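Participant: Take this structure, written in structure tokens, and hold onto it; I'll ask about it next.
The values are calculated or read from the model by the stated rules, or taken from the named source; none is laboratory data. Quantities reported herein were computed from a predicted structural model and do not represent experimental measurements. Glycine also receives a Cβ, built like all others from the backbone with ideal geometry; neighbour counts cover every protein chain displayed.
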Amino acid sequence: MLRAAAVAEKMGIPTASIIGSGFLKQAEVIIKGLGVPLAMGVYPGAPMVDSEQELRRKVEEELAPGLLRGLTGEAPRLPGAAAEPAPGQVVFSGTFDEVQEHFHRQLWTDGLPVVPPTRGRVDAFLKYTDRRPEEVIRAVQQEGREASILSIAVTGVMAGCRPEYMPVLIAVIEAMCDPKYRIEDSGSTPGWEPVVIVSGPIAKALDFNSGQGMMRVGRQANTSVGRFVRLYLRNICGFRIPPGAGDKGSIGQSFLVAMAEDEEAARAIGWPTFSEDRGFQSGENVVTVRSVVAITSPMYSGGDRAQTHVQQWAEIIGGSFTYWAHTGFKTGLWSPLIVAGPSIAKVVAGEWSKDQVRRYIYDHVKVTAERATHYARMTSTPTFNFENLVKDGILPPEYTASSDPQRLVNVIIKPEMVEILVAGDPGRNQSRAYMSNHIQGPTTSRRVELPKRWNELLAASRG
Amino acid sequence: MNKLQQRHEYSVLWPLSRRAVADTNAAPRLPDLNGKTVCELWDVIFRGETIYPLVREYIKTRFPGVKFVGHAEFGNFHGAREHEVTAALPGKLRSHKADAAIVGIGA
């Protein structure tokens, strides 16, 4: 919201922004990151839970006077900013414990001890890229800081990554810096979390776990890459929970360890791999990042027919994610990712292609228009209606095929939005599904660029 | 912890990165809104359909000559077409001869 206000201010048009009192700290971070002082009128508390009478009182007594002052009073000013160190500068020297304490006090950790980012350790990471440390991928919200190669190396060290993960870490940040990914929305109240998916031979070369326990903390590659993402969002982007500011995840969730696909299992059953679905060639090293706002319970399914399993997926996906479908409807995009257990995928692939699976999920997960509208109104959008979304071309016409509030509409907007990856425990009949947070953190992939001396460096890292 | 470990020091690098944003000043304010056009930008959430009319009423009581342009003229800057809507904002604000804007709602 404040980004739109900044656009107007830069044109010489004074603005006053409506903001809930609980968002003021985040607003301060955003304003600093935008570099534009913004006036605000404050709504005390949360408008979604106030009576009509209370809302009117708060607007007349507090919000509207504040907005009027913002437009007609003294121009707002940016708070004074302290001078900052230069990238790569040594900022502290001390014992391991003293470093931890200093970093905790500065809000530079995720609450766990970090590996001290000494020059030697950072340089070891930089050996695994041919790119210059000062190269900037993009300036990222919400503090407006440079996503540089050096910042990736420093954060990788702190997260406990190994130096040879550096090409993967760079690809992760490149994907998250794609404007379509909307990294600036990483601190929204639903508290979604990015998940990294590593594809290609590099997954095995770096020892990513794609099998049993894949999403459990415990394997260095999966765990430290997942932690790296959260630390990067915190330190470079400025998404911090209290006592910091900038991350407004109301409850949030902890970081997700990185995923990898069991590509051998996928190929053995004749399905394209996840990265091939994303348009890459077999054998290419690829990183994909996408948001996860909700996860199903473990989806156990039995039997030797495809439909038995996919029907089970459809029922559980419907039960877990239908409530949040209104966010996809409002934006025209949301994607469930099905992590299909290898033994189940084998049964399904024996009869159905991935597209047949997608079509079944699309056809069989439904919600009444009345219920979806109710969920939207409960969350944030009292004006939600399908007619406007269809009229604006955000949803296809089938959503208003009738005006009956009890009509069933598809929870998944298009079959191709269903993503499928084969991974997990081959010795058990379990799958899981992960739902994205609509247009915030949509599935975004980047090829992993290896340094010219990759084979030599990797061999050296293994002693 | 033995004495050797206690003595070992780490010189650590700054873990953040350079701010890449040049600070700018706010636009000059308008002490009198009579005869001015105030544009309403809304992200279509958090009861703006009720809040904006109340704000309009409040301001009109104090500046009867103010003119408002509703949010529908600008689109939802935080929705499905966020980037396109934001990119089109300067042109639309100019075409409506905007003197000021109220932007919401972050709640």
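Participant: Quick check on region A:39-47. Is at least one of its residues part of a helix (DSSP H, G or I) and at the interface with another protein chain (Cβ under 9 Å from one of its Cβ atoms)? Spell out how you get there, then give the answer.
Facilitator: Initial filter on region A:39-47 (part of a helix (DSSP H, G or I)): A:47.
Now narrow it down to the ones that are at the interface with another protein chain (Cβ under 9 Å from one of its Cβ atoms): A:47.
Yes, there is a match, as at least one residue in region A:39-47 is part of a helix (DSSP H, G or I) and at the interface with another protein chain (Cβ under 9 Å from one of its Cβ atoms).
Participant: Hey, does region B:11-23 have a residue that's of a type outside the set (Ser, Thr, Tyr), more than 7 Å from every other protein chain (Cβ to nearest Cβ), within 29 Å of A:Pro79 (Cβ to Cβ) and within 16 Å of the chain's Cα centre (by Cα)? Walk me through how you get there before you give the answer.
Facilitator: Step one: list which residues in region B:11-23 are of a type outside the set (Ser, Thr, Tyr), which gives B:12-16, B:18-23.
Now restrict to residues that are more than 7 Å from every other protein chain (Cβ to nearest Cβ): none.
Looking through region B:11-23, none of the residues is of a type outside the set (Ser, Thr, Tyr), more than 7 Å from every other protein chain (Cβ to nearest Cβ), within 29 Å of A:Pro79 (Cβ to Cβ) and within 16 Å of the chain's Cα centre (by Cα).
Participant: Name the one entry in A:Ser431, A:Ser380, A:Ser436 that is among the small types (Gly, Ala, Ser) and either at pLDDT below 95 or more than 22 Å from the chain's Cα centre (by Cα) (or both).
Facilitator: Numbers: A:Ser431 fails: either at pLDDT below 95 or more than 22 Å from the chain's Cα centre (by Cα) (or both); A:Ser436 fails: either at pLDDT below 95 or more than 22 Å from the chain's Cα centre (by Cα) (or both).
Selected residue: A:Ser380, the only one of A:Ser431, A:Ser380, A:Ser436 that is among the small types (Gly, Ala, Ser) and either at pLDDT below 95 or more than 22 Å from the chain's Cα centre (by Cα) (or both).
Participant: So, one more: From A:Asp363, A:Asp392, grab the single residue that is surrounded by fewer than 22 Cβ atoms within 10 Å (Cβ to Cβ), out of contact with any Gly (no Cβ under 6 Å at 6 or more places or on another chain) and at pLDDT 95 or above.
Facilitator: Details: A:Asp392 fails: at pLDDT 95 or above.
Of the residues listed, the single one that is surrounded by fewer than 22 Cβ atoms within 10 Å (Cβ to Cβ), out of contact with any Gly (no Cβ under 6 Å at 6 or more places or on another chain) and at pLDDT 95 or above is A:Asp363.
Participant: Sort out which residues of region A:1-35 are part of a loop (DSSP other than H, G, I, E, B) and either at pLDDT 95 or above or surrounded by fewer than 22 Cβ atoms within 10 Å (Cβ to Cβ) (or both), and write them in order of number. I'd like the intermediate steps shown before the answer.
Facilitator: Within region A:1-35, the first condition is being part of a loop (DSSP other than H, G, I, E, B), and the residues that meet it are A:1, A:11-14, A:35.
Scanning region A:1-35 gives A:Met11, A:Gly12, A:Ile13, A:Pro14, A:Gly35.
Each row is one residue, and each column tells you yes or no for (1) farther than 26 Å from A:Phe239 by Cα; (2) more than 9 Å from every other protein chain (Cβ to nearest Cβ).
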residue	(1), (2)
A:Ile13	yes, no
A:Phe23	no, no
A:Pro37	no, no
A:Asp50	yes, no
A:Gln53	yes, yes
A:Arg56	yes, no
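Participant: Mind listing whichever residues of region B:49-98 are facing chain A (nearest Cβ under 7 Å) and touching a residue at least 40 places away in the same chain (Cβ under 8 Å)?
Facilitator: Listed by number, the residues that qualify are B:Ile51, B:Val55, B:Leu89, B:Leu93, B:Ala98.
Participant: Which residues, counting only those in region B:22-35, are surrounded by 17 or more Cβ atoms within 10 Å (Cβ to Cβ) and out of contact with any Ser or Thr (no Cβ under 8 Å at 6 or more places or on another chain)?
Facilitator: Our first condition is that a residue be surrounded by 17 or more Cβ atoms within 10 Å (Cβ to Cβ); within region B:22-35, this holds for B:26-27, B:29-30, B:33.
Within region B:22-35, B:Ala26 is the sole residue that qualifies.
Participant: For the condition touching a strand residue (DSSP E or B) at 6+ places or on another chain (Cβ under 7 Å), of a type in the set (Asp, Glu) and outside any loop (DSSP other than H, G, I, E, B), what is the one hit in A:Glu54, A:Glu62? Full working, then the answer.
Facilitator: Details: A:Glu54 fails: touching a strand residue (DSSP E or B) at 6+ places or on another chain (Cβ under 7 Å).
The conditions single out A:Glu62.
Participant: Return the pairs, sorted by first residue and then second, in which the second residue is part of a helix (DSSP H, G or I), the first residue lies in region A:320-335 and is surrounded by fewer than 23 Cβ atoms within 10 Å (Cβ to Cβ), the beta carbons are less than 6 Å apart, and the residues are 6+ apart or on different chains.
Facilitator: Sorted first by the residue in region A:320-335, then by its partner, the pairs are A:Tyr323/A:Tyr375; A:Ser335/A:Met417.
Participant: Please report, ordered by residue number, the strands (runs of 3 or more DSSP E) entirely within region A:75-166 with at least 2 residues that are more than 8 Å from chain B (Cβ to nearest Cβ). Can you show your working first?
Facilitator: Working: elements: A:90-94, A:136-140, A:145-148.
Ranges flagged: A:136-140.
Residue by residue, here is whether (1) at the interface with chain B (Cβ under 7 Å from one of its Cβ atoms); (2) out of contact with any strand residue (DSSP E or B) (no Cβ under 8 Å at 6 or more places or on another chain) holds:
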{"position": "A:Met1", "(1), (2)": "yes, no"}
{"position": "A:Ala6", "(1), (2)": "no, yes"}
{"position": "A:Glu9", "(1), (2)": "yes, no"}
{"position": "A:Ile19", "(1), (2)": "yes, no"}
{"position": "A:Leu34", "(1), (2)": "yes, yes"}
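Participant: For region A:410-425, name all the residues that are out of contact with any Pro (no Cβ under 6 Å at 6 or more places or on another chain), over 17 Å from A:Trp324 (Cβ atoms) and part of a strand (DSSP E or B).
Facilitator: A:Ile420, A:Leu421
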